[in-house]
Amino acid sequence: MQGKKILVTGGTGQVARPVAEALAADNEVWCLGRFGTLGVADELAARGIKTFRWDMDDLGADTLKGLPEDFTHVIHSAVRRGEDGDFTAAVTVNSVAAGRLMTHCRTAEAFLYVSTGAIYARQTLDHLYTETDPIDGKAEWLPAYPVGKIATEGTVRAFGRVLGLPTTVARLNIAYGPGSYGGVPMLYFKRMLAGEPIPVPVEGQNWCSLLYTDDLVRQVPKLWDAATVETTLVNWGGDESVGITDCIRHMQELTGVTAQLVPSKVTRETYQFDPTLRCQLTGPCEIGWRDGIRRTLQVMYPELVQAGSDG
């Protein structure tokens, strides 16, 4: 993409920041956020990114006053996750923010909303989830989170049609890579380093569709291209089905750090996606998950994994 004016929310996070930084090379990129972390706004500015302070929790009608309205593309990744357990706030804040953002940017060529695969009704561990699978919004690890996402998907669909704004809803799987906290695989690795037990299913293993940062960044323009006024819905994950236990064992092989795997009836729920539709829209991924994990560890823990090492 070149010469576009792009708006990014959640631009300090695992997903949207690398997108913003990559697109800033050839486009005018703005990031919205609270920028509560000291120095992060300056870091974005150093990459040529303009920043605008926006607090989603502030439901005032003029929170976007002063922000340009002539953006050509928007990626909305910011979210109130609901760690406080307040379901009403999760629904209200996320839905109102999305509606106001879409209204403000109603002349854009495309709007991309980053949703989550955590909204799917849980089936078997090895079920391959498609875009037509039922949803229920249940997640023991963060109950309010998927409820807020479902509500916001509805808002985004409605405003896309009412405003005539081409929209894509991308239900994200697990994004990871050498930025921010590294994604869920690196959360597991931190537990390995601390010698903490890691719950795994008593039988079988949890499956997911890991999406490496470089592939995620490459796919964003394609997801914008796929946007429609009726809303294009797509599962956004990698090409490969990845067993969480296999992933942990791979990190163990690469680093020599022992993983304390403990069979348990309660584990963190993950979902593997059928990549057929996403591949049709974006083309295949370029980074296999084993290589992606190695690259991530090499950057974040270079003392444990040497460049070019396979374990």
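The values are calculated or read from the model by the stated rules, or taken from the named source; none is laboratory data. Small disclaimer: the values here were computed from a predicted structure and weren't measured. Counting neighbours? That spans all protein chains shown, and the Cβs are built from the backbone with ideal geometry, glycine included.
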- prompt: Within the bounds of the stretch 164-178, is there any residue that is surrounded by fewer than 16 Cβ atoms within 10 Å (Cβ to Cβ) and assigned by TED's automatic domain parsing to the domain that holds VAL79?
  reply: yes
- line: Scanning the stretch 82-112 for residues that are closer than 19 Å to VAL19 by Cβ and either in contact with a helix residue (DSSP H, G or I) (Cβ under 8 Å, 6 or more places away or on another chain) or outside any loop (DSSP other than H, G, I, E, B) (or both) gives ALA97, ALA98, LEU101, MET102, GLU109, ALA110, PHE111, LEU112
- request: Could you please find all residues in the stretch 35-62 being in a loop (DSSP other than H, G, I, E, B) and in contact with a Lys or Arg (Cβ under 7 Å, 6 or more places away or on another chain)?
  value: PHE35, ASP55, MET56, ASP57
- line: When the stretch 118-148 is checked residue by residue, the ones that are hydrophobic (A, V, I, L, M, F, W, C), in contact with a strand residue (DSSP E or B) (Cβ under 8 Å, 6 or more places away or on another chain) and outside any loop (DSSP other than H, G, I, E, B) are ILE119, LEU128, ILE135
Subset of the stretch 36-66 [in contact with a Gly (Cβ under 9 Å, 6 or more places away or on another chain), over 11 Å from VAL8 (Cα atoms) and free of Cβ contacts under 8 Å to residues at least 24 places away in the same chain]: ALA41, ARG53, ASP55
- request: Enumerate the pairs (first residue in the stretch 200-217 and in contact (Cβ under 8 Å) with a residue 12 or more places away in the chain; second residue anywhere and of a type in the set (Phe, Trp, Tyr)) with beta-carbon separation below 7 Å, excluding pairs fewer than 6 apart on the same chain, so at least 6 apart or on different chains.
  value: CYS208/TYR271; SER209/PHE273; LEU210/TYR176; LEU210/TRP289; LEU211/TRP236; TYR212/TYR176
field: Hits in the stretch 258-267 - residues which are surrounded by 16 or more Cβ atoms within 10 Å (Cβ to Cβ) and either among the charged types (D, E, K, R) or within 16 Å of LEU304 (Cβ to Cβ) (or both)
entry: ALA259
message: Of everything in the stretch 124-145, what is under 13 Å from THR270 (Cβ atoms) and without any contact (Cβ under 8 Å) to a residue 60 or more places away in the chain? Give them in sequence order.
response: THR124
- request: Can you give me the number of residues within the stretch 24-35 that are over 25 Å from PHE159 (Cα atoms), free of Cβ contacts under 8 Å to residues at least 24 places away in the same chain and within 20 Å of the chain's Cα centre (by Cα)?
  value: 1
task: Inspect the stretch 236-256 for any residue being under 30 Å from ARG157 (Cβ atoms), surrounded by fewer than 20 Cβ atoms within 10 Å (Cβ to Cβ), touching a Leu at 6+ places or on another chain (Cβ under 9 Å) and polar (S, T, N, Q) and give the result as yes or no.
output: yes
query: Got at least one residue in the stretch 65-78 being part of a strand (DSSP E or B), surrounded by 14 or more Cβ atoms within 10 Å (Cβ to Cβ) and β-branched (Val, Ile, Thr)?
result: yes
field: Set LYS222, LYS138: member being within 19 Å of ALA108 (Cβ to Cβ) and under 20 Å from the mean Cα position of the chain (by Cα)
entry: LYS222
